[in-house]
Amino acid sequence: MAPVRSRLTLKNKIDIIKCYDAKKQSGRELVTQFKVGKTQIGTILKSRVDLLRKWCDENVNGETKKNFIEAIEIAKTLGRTNFKASNGWLEKFRKRHNIAYKAICGESSSVDHDIVDDWNNKLVEICEGFVPKNIFYLDETGLFFRALPNKTMCLKGENCSGGKISKEQITVMLCVNMEGDFETPLVIGKALKPRCFKNIIVNDLGVTWKANRKVWMTQELMKEWLSNFDRKMQGRKVILFLDNATSHPHLNLQNVKLAFFPPNVTSTCQPLDLGIIKNFKTHYRINLLKHVISSIDNENIKKPNVTVLEAVMWTTAALEKINKETVTKCFIKAGFPGSDNIGKLTQVEDLSNELTKLVSTIYPTNAQDYSSIDECLQTEDLSLNIEDIINDGMSEDESHDVEQEEDSTDGVDEEKIILKEALQLANKLKTFCLNKSDAVSLSLVNQLQSNFE
């Protein structure tokens with residue numbers, strides 16, 4: 001006799017989503033409690049955005065009510081005594097500020113192996129009809145771009161959601177296909193035109209440079225990037241995988257199909273998190289430490305003046321050093337369909353020995369701790385606090401004005417900045433030395449450039 005199935009109300013479905021997101025119950029336990037099939041549980045979890053939107057529309061309570069009260073209080077402080085909060089106002093506010101109805105899918109949450117198995121079974125079908133060079137994956141990572149080993153203990157574990165530490169961060173968005181070909185990285189800093197970019201053509205740096213106050217990815221930045229990527233892929237059949245981040249909008253593009261990973265599967269299913277980002281950051285830090293070591297004078301380390309310009313150059317140099325087979329290996333490890341030659345692929349490149357030697361030259365700390373110093377950095381706004389959203393509405397130009405003073409070099413007289421062409425040539429030489437991992441030549445170029453300045 002077939003088991004009796006329950007007919008679920010909207011509240012039941014919301015309860016299922018809450019229990020699952022809070023990790024109180026597994027998929028199997030929810031099946032038993034609510035007397036429904038495993039497929040129905042999966043359908044509810046996949047439809048969470050629409051269900052939560054419907055629930056919010058029908059029930060003005062909990063956090064929604066708090067937001068209404070907060071909005072009314074803010075309106076009063078602004079002298080808007082005739083303001084009225086309503087569902088219609090909330091919906092318009094949500095669209096105006098690109099707020100998505102998404103559950104917070106923290107990467108630290110435990111992995112549900114049922115979802116992973118279900119995803120892996122579907123992945124082959126999703127990729128059907130797409131050749132490896134047209135299968136892309138995209139993700140952001142935060143980077144403490146000037147951190148040295150002696151800062152490991154005070155920075156490790158920081159989420160960098162604002163304040164002084166955020167000045168040490170940039171956010172790097174990487175996009176790569178299954179054959180190991182990277183798209184131009186998008187780098188987000190605090191200033192649109194930092195002082196170190198003076199006399200520099202930003203488009204020649206090999207990155208797309210953007211800026212906002214908290215160096216976070218936003219839906220507006222992502223929409224712009226996706227539109228440009230779609231135009232670039234004209235004439236190709238492309239699929240782009242993204243995680244379920246709030247800054248990743250669901251768009252219908254002409255040449256690119258967007259496919260979204262389920263929540264909380266970062267550690268097992270997403271290629272960049274299975275070794276590519278770690279490989280990139282290790283190469284970056286090797287470049288940074290070589291730069292610092294080249295500044296050693298009489299066994300004393302000068303305080304390195306690491307600018308975002310150097311961070312950008314080391315970013316592009318690090319990406320160029322990533323082995324294409326390393327990328328393919330990570331895609332296949334994540335469950336993407338691979339060729340019969342998988343056994344011939346090299347293992348993910350191990351740079352730990354080189355990094356350990358450089359770290360020990362600077363400071364007696366664990367190289368692994370230094371390597372993972374920024375793995376918890378926040379790269380998007382997870383808050384739905386209305387006042388924060390309004391306060392963070394500063395334009396890129398305003399962000400530039402604020403950062404201009406913070407990113408300037410003390411005591412610099414702009415009238416003494418001369419020899420424009422020589423400085424540009426010095427920057428090109430530094431990039432060449434970094435690409436060749438030539439620390440000696442890099443030191444000479446740094447000394448030459450210091451004479452110019």
Next on the checklist: For the stretch 120-137, check the following and say yes or no: at least one residue is modelled with pLDDT of 85 or more, within 18 Å of the chain's Cα centre (by Cα) and open to solvent by less than 60 Å² (accessible area, probe 1.4 Å).
Outcome noted: yes
Checklist entry - Has the stretch 248-262 got at least one residue that is without any contact (Cβ under 8 Å) to a residue 12 or more places away in the chain and in a loop (DSSP other than H, G, I, E, B)? => result yes
Checklist outcome for this item: Of the residues in the stretch 224-236, those that are surrounded by 15 or more Cβ atoms within 10 Å (Cβ to Cβ) and either of a type in the set (S, T, N, Q) or under 14 Å from H250 (Cα atoms) (or both) come to W225, L226, D230
Checklist outcome for this item: Checked the stretch 291-315 for anything at pLDDT 90 or above and assigned to a helix (DSSP H, G or I); matches are V308, L309, E310, A311, V312, M313, W314, T315
Item to check | Top-ranked residue in the stretch 316-366 [being more than 25 Å from the chain's Cα centre (by Cα) and among the hydroxyl-bearing types (S, T, Y); ranked as modelled with the highest pLDDT] | outcome: T356
Next on the checklist: Among the residues of the stretch 197-210, what is the count of those that are in contact (Cβ under 8 Å) with a residue 24 or more places away in the chain and either surrounded by fewer than 19 Cβ atoms within 10 Å (Cβ to Cβ) or β-branched (V, I, T) (or both)?
Outcome noted: 6
Checklist entry - Only one residue in N255, N264, N228 is over 30 Å from T431 (Cβ atoms) and modelled with pLDDT of 90 or more. Which one? => result N255
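The values are calculated or read from the model by the stated rules, or taken from the named source; none is laboratory data. What you are looking at is a predicted structure, and each value in this text was computed from that prediction instead of being measured. Virtual Cβ from ideal backbone geometry, glycine too; neighbours counted across all protein chains shown. We work out accessible area using only protein heavy atoms, side chains counted, and drop any ligands, DNA or RNA first. Shrake-Rupley method; radii C 1.70, N 1.55, O 1.52, S 1.80 Å.
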